[in-house]
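The block underneath contains the structure these notes are about, expressed in structure tokens.
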Amino acid sequence: MAVVYIDRKGCLLKRDGNTIALYSDGKKQGTIPLGPVERIIVVGNCTVETSLLRYVTARGAVVAFLSARGRAMPAIVTSRQNFNGALRVLQYKRSLQEDFIIKFCTQLVHKKISGQMILLKELGQTHSTSILHLKDTLAQMEGILSKVREGESLESLRGLEGSAGRLYFTELARLLPQELGFRGRTRRPPKDPVNAMLSFSYSLFYTEIVTALLIAGLEPTIGFYHCFDYGRDSLACDIEEVFRPDIDRFVCKLFLEKCFSRKDFIQEKGGVYLKKSARARFYPLYEENMTPIRTAMRDFIRTLIEEIKDEEKPLHCTQKGSED
């Protein structure tokens, strides 16, 4: 199924038969055939007529609106939402069940740190000068992983995840080309090309997770690792944690294969962002590399639904503490 990216500031999108018509300054600039379109991603400040929204969503397409800088929470329009109230009730009850929360979050943090270690090992195969430091980092992360398996509390899991993350990004900075200026994770705003690419890629994948949750019948705002927060899709945040190392691998690949360099980024308002011309090259590469990650993400959601509905796990609910 096709994916259409609309990334043209100030354009107006209208329906023209079975096509999307693009207008700029009142003049028609071209058309995009809809055909078997599954997703339409609108990036930046564009206007979409409601007749076009009704038409494409009635055909099963998902329309997502995203900031060009990847900072704003995306808006998603779909007619494929699964209004499974019974599943949502079970999900809410599980979000108050302490043993379910700890088990889920232990698995989540374990998968994330394991994925980070695998990526570092892969990158280390071509960086013999950093091998000793890498071994020390991996040993420390393995020690953290052993503590994660104990799964004592949400607070301890978050602390262990944070400790592993600092080790991971410090080592990642050693393994990536130094000319990129990457020294560790920064966001809101990103301070270098690697962080800019990470933030933008995370945002795109986040929209896919929210969409998959809606279609599966889960409530995106009710998470287990990320506590309730108004306006936040906490369950989508939970699931994204598992797949961040996969997105990181994709971003590292783009830079190591020299698909992008510093000249593809612009610095403005205290941050670094991917230029519009570079985004046009980025979208096909994103689609090319995301298929196995999407499949794994949907499998993860299906497994989560099975665990939520597992009748052998009694629903003894206790109030979940709030996150500081």
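The values are calculated or read from the model by the stated rules, or taken from the named source; none is laboratory data. Everything numeric here is computed off the predicted structure, so don't read it as measured data. Cβ: placed from backbone, ideal geometry, glycine included. Neighbour counts: every protein chain shown.
For Ala61, which of the numbered conditions (1) closer than 28 Å to Ala278 by Cβ; (2) modelled with pLDDT of 90 or more fails to hold?
Here Ala61 clears every test but (2).
If you scan region 176-198, which residues turn out to be modelled with pLDDT under 95 and among the polar types (S, T, N, Q)?
Passing the criteria: Gln178, Thr186.
Only one of these is charged (D, E, K, R), more than 22 Å from the chain's Cα centre (by Cα) and buried (at least 20 other Cβ atoms within 10 Å of the Cβ): Arg69, Arg94, Arg54. Name it.
Among Arg69, Arg94, Arg54, only Arg94 is charged (D, E, K, R), more than 22 Å from the chain's Cα centre (by Cα) and buried (at least 20 other Cβ atoms within 10 Å of the Cβ).
Just to be sure, is Thr291 over 21 Å from Gly85 (Cα atoms), modelled with pLDDT of 90 or more and under 20 Å from the mean Cα position of the chain (by Cα)?
Against the criterion (over 21 Å from Gly85 (Cα atoms), modelled with pLDDT of 90 or more and under 20 Å from the mean Cα position of the chain (by Cα)), Thr291 qualifies.
Restricting attention to region 297-323, and to residues there that are within 21 Å of Ile239 (Cα to Cα) and touching a helix residue (DSSP H, G or I) at 6+ places or on another chain (Cβ under 7 Å), which single residue is modelled with the lowest pLDDT?
Lys320
Can you find a residue in region 14-34 that is touching a residue at least 40 places away in the same chain (Cβ under 8 Å) and either in a strand (DSSP E or B) or buried (at least 18 other Cβ atoms within 10 Å of the Cβ) (or both)?
Among the residues of region 14-34, at least one is touching a residue at least 40 places away in the same chain (Cβ under 8 Å) and either in a strand (DSSP E or B) or buried (at least 18 other Cβ atoms within 10 Å of the Cβ) (or both), which makes the answer yes.
Given the residues Glu150, Glu142, which is the only one that is at pLDDT below 90 and either in a helix (DSSP H, G or I) or acidic (Asp, Glu) (or both)?
Answer to the check: Glu150.
From the set of residues in region 228-246 that are over 18 Å from Leu66 (Cα atoms) and of a type in the set (A, V, I, L, M, F, W, C), which is surrounded by the fewest Cβ atoms within 10 Å (Cβ to Cβ)?
My answer is Phe228.
Yes/no per residue for (1) in contact with an Asp or Glu (Cβ under 6 Å, 6 or more places away or on another chain); (2) under 23 Å from Ala296 (Cα atoms):
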position: Gly85; (1), (2): no, no
position: Arg88; (1), (2): yes, yes
position: Leu96; (1), (2): no, no
position: Gln107; (1), (2): no, yes
position: Leu123; (1), (2): no, yes
position: Leu132; (1), (2): no, no
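Please find, within region 153-184, the residue that is surrounded by the most Cβ atoms within 10 Å (Cβ to Cβ) out of those that are assigned to a helix (DSSP H, G or I) and aromatic (Phe, Trp, Tyr).
Checked region 153-184; the qualifying residue surrounded by the most Cβ atoms within 10 Å (Cβ to Cβ) is Tyr168.
Does Gly60 satisfy being under 28 Å from the mean Cα position of the chain (by Cα), assigned to a loop (DSSP other than H, G, I, E, B) and free of Cβ contacts under 8 Å to residues at least 24 places away in the same chain?
Judged against the criteria, Gly60 is a match.
Give Phe104, Phe83 a once-over and let me know the one that is assigned to a loop (DSSP other than H, G, I, E, B) and closer than 20 Å to Ala212 by Cβ.
Sole residue among the options that is assigned to a loop (DSSP other than H, G, I, E, B) and closer than 20 Å to Ala212 by Cβ: Phe83.
Consider Lys147 carefully, then state whether it is within 24 Å of Tyr225 (Cβ to Cβ) and either more than 25 Å from the chain's Cα centre (by Cα) or in the same structural domain as Arg185 (by TED's automatic domain parsing) (or both).
yes
Among the residues of region 207-230, is any assigned to a helix (DSSP H, G or I), out of contact with any helix residue (DSSP H, G or I) (no Cβ under 6 Å at 6 or more places or on another chain) and under 26 Å from Ser156 (Cβ atoms)?
no
Just one of Tyr202, Tyr225 is in contact (Cβ under 8 Å) with a residue 60 or more places away in the chain and surrounded by fewer than 19 Cβ atoms within 10 Å (Cβ to Cβ); which is it?
Every option except Tyr202 fails the conditions.
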